[in-house]
Amino acid sequence: MLCVVRDRFSGVGGWQYDRVVNSRVLGPPAAWLAWGMDWREVHRMMVSGASCAVGEIVVDIACGGGTSYAQAASEVRGLLIGFDLSPVMLGYAVRRRAACGLEGRVALVRAEAGHLPLPDATATRALLFNALHVIRDHGRVLREARRVVRPGGSLLGVTICADAPLPWRLNVRRLTRSGLFTPPGADELARLGREAGFRCWRQRRSGAALYFEGEA
Ligand SMILES: C[S@@+](CC[C@H](N)C(=O)[O-])C[C@H]1O[C@@H](n2cnc3c(N)ncnc32)[C@H](O)[C@@H]1O
């Protein structure tokens, strides 16, 4: 499965993304200008999502360079398992884990978001930040997130959506046409989240960004 999905984050685009989102100075204005996204809200969600007590497991699907646990470093007391397809992004994640002193509490694994190498009902929470819009099969990923989260657990994330308002719609259309983005529509995301088995599905919008939460 791993070999048939192209790694679009291995080049300068992935490096640039990782630099910008992990910069307190560049991240907020870049996210607002490109997507109308409130980056401070995303960071707040990452902190609450990645925080875990001893004995809890959080799964960060398409973790990229480890943005979520870098925000929440002192609150990661259990185990966070980050999965990503890109060896290059995982390389950034390994370096960030060391910089945060999280070697014993963050495990990083190369895996496809729709096929996680984890038993059912392993995690307290799944995170899915800034990833669904670059993955083709949204339903498959949401079902996989639901599978690995135990009953009573939750899913937390943000995605760029297809039906964004202007002016951000122009950026979404450009990247969709280029083949880099395959974003879900807002209604489609809500439907797929519920069909995957998440109860109490909630989502709200800021520009092209949809923040979402579901309970397992
Ligand atoms: C925009 S980055 C987001 C990274 C991180 N979650 C964040 O919020 O900064 C998208 C990530 O999704 C990963 N990715 C794309 N397709 C994937 C797939 N099918 N399975 C797993 N990871 C994937 C990419 O390698 C990249 O690291």
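A short reminder: the numbers here are calculations on the coordinates, not readings from a lab. If you're wondering where the values come from, they're calculated on a predicted model, not measured in any experiment.
Using C-alpha pairs below 8 Å separated by at least 6 residues, the relative contact order for segment 129-210 is 40 percent.
Prolate is the label for segment 104-216, because the ratio a/c of its alpha-carbon gyration tensor axes (a ≥ b ≥ c) is 1.5 or higher and a/b is greater than b/c.
Measuring nothing but alpha carbons in segment 56-131 and taking Rh as the Kirkwood radius, the Rg to Rh ratio lands at 0.92.
The HN-Hα couplings worked out from phi for segment 187-197 by the Karplus form 6.51 cos²θ - 1.76 cosθ + 1.60 (θ = phi - 60°) are 5, 4, 4, 4, 5, 5, x, 5, 4, 5, x Hz, whole numbers, x standing for Gly and Pro. Each residue of segment 25-39 was assigned a 3J(HN,Hα) from its phi angle through the Karplus expression (A = 6.51, B = -1.76, C = 1.60, θ = phi - 60°), giving 7, 7, x, x, x, 5, 5, 6, 5, 6, 10, x, 8, 7, 5 Hz with x at Gly and Pro. Summarising the amide proton neighbourhood of Ala107: residues at separation of 5 or more, or on other chains, whose placed amide H is nearer than 5 Å comprise Leu80, Ile81, Gly82. Shape class of the chain from the Cα gyration tensor (axes a ≥ b ≥ c, square roots of the eigenvalues): rounded, since a/c falls below 1.5.
Using the Cα gyration tensor of segment 1-125, with a ≥ b ≥ c the square roots of its eigenvalues, what is the shape: rounded (a/c below 1.5), prolate (a/b larger than b/c) or oblate (neither)? Don't jump to the answer; show the numbers that get you there.
Working: a/c = 1.66, a/b = 1.13, b/c = 1.46.
Oblate, because a/c is 1.5 or more while a/b does not exceed b/c.
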